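Single-structure report; data block below.
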C-alpha cells in the first residue's frame, strides 16, 4: 500500500501525539521540552493550523504543518515543521512530506519557505533540507539545548518556492 498524505482529521491526533511525544522526549531536534502537555501539543498542531499526515497501511507515520512565518509584509514566507515516526525513518517519508508541503505552500500562495531552527547536529535533516533546495542563511550560536550535547548551534534555512 503506498504512502498517503492528506489533511489531518480530529481523530488523527492520537497518532500525531505518539510521534510528537517520542521526538520531543529524544531532545535532539525540536525546541519543545519533555513536559510539553498533550493539550499544548493539540493546540500547536491541531488548533493553530491544519496539519497533514502521512499514512502507511492505516498508521500515521509522519506529519507536517505549514503556517505563516511572519505577519504583514513578511506574510508571503511560510514556516513548516515535520515529524516522522521513529520506527519509519530512513524510508523517505520526510522527503515525501517535504515535497508535499512545498506544493501545498505554493497552492496557499506563499513565495518562500523558511525553517527558523534546524539543529546543526541533526545532520540527516540538514542534508535532506539541502537536497530539497534549502540553504543555510544564518547560524544562531548555541540556540538549542540538546539533551545529550548541551548547547549547540541552530540554522535558519530558506528556499524560494
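Just so you know, all these numbers are worked out from the coordinates, no wet-lab data involved. Keep in mind the model is a prediction, meaning the values are calculated, not measured. Cβ atoms come from the backbone with ideal geometry, glycine included; neighbour counts cover every protein chain shown.
Some points to look at:
- Linear extension gain, residue 42 paired with residue 103, 0.36 nm per residue minus alpha-carbon span: 19.5 nm
- If R0 is 22 Å, the Cβ-Cβ spacing of residue 14 and residue 70 corresponds to a FRET efficiency of close to 0.10.
- q = 0.14 Å⁻¹: log10 I(q)/I(0) that the Debye formula gives for the range 4-160, counting C-alpha atoms only: -0.69
- Relative frequency of Cα-Cα separations exceeding 16 Å in the range 6-85, percent: 51
- Prolate/oblate/rounded label for the range 78-161 (Cα gyration tensor, a/c 1.5): oblate
- Helical contribution to [θ] at 222 nm, DSSP H n ≥ 4, -39,500 (n - 2.57), averaged over the chain, rounded to 500: -8000 deg cm²/dmol
- Inter-centroid distance (Cα atoms) of the range 2-62 relative to the range 102-121, Å: 18
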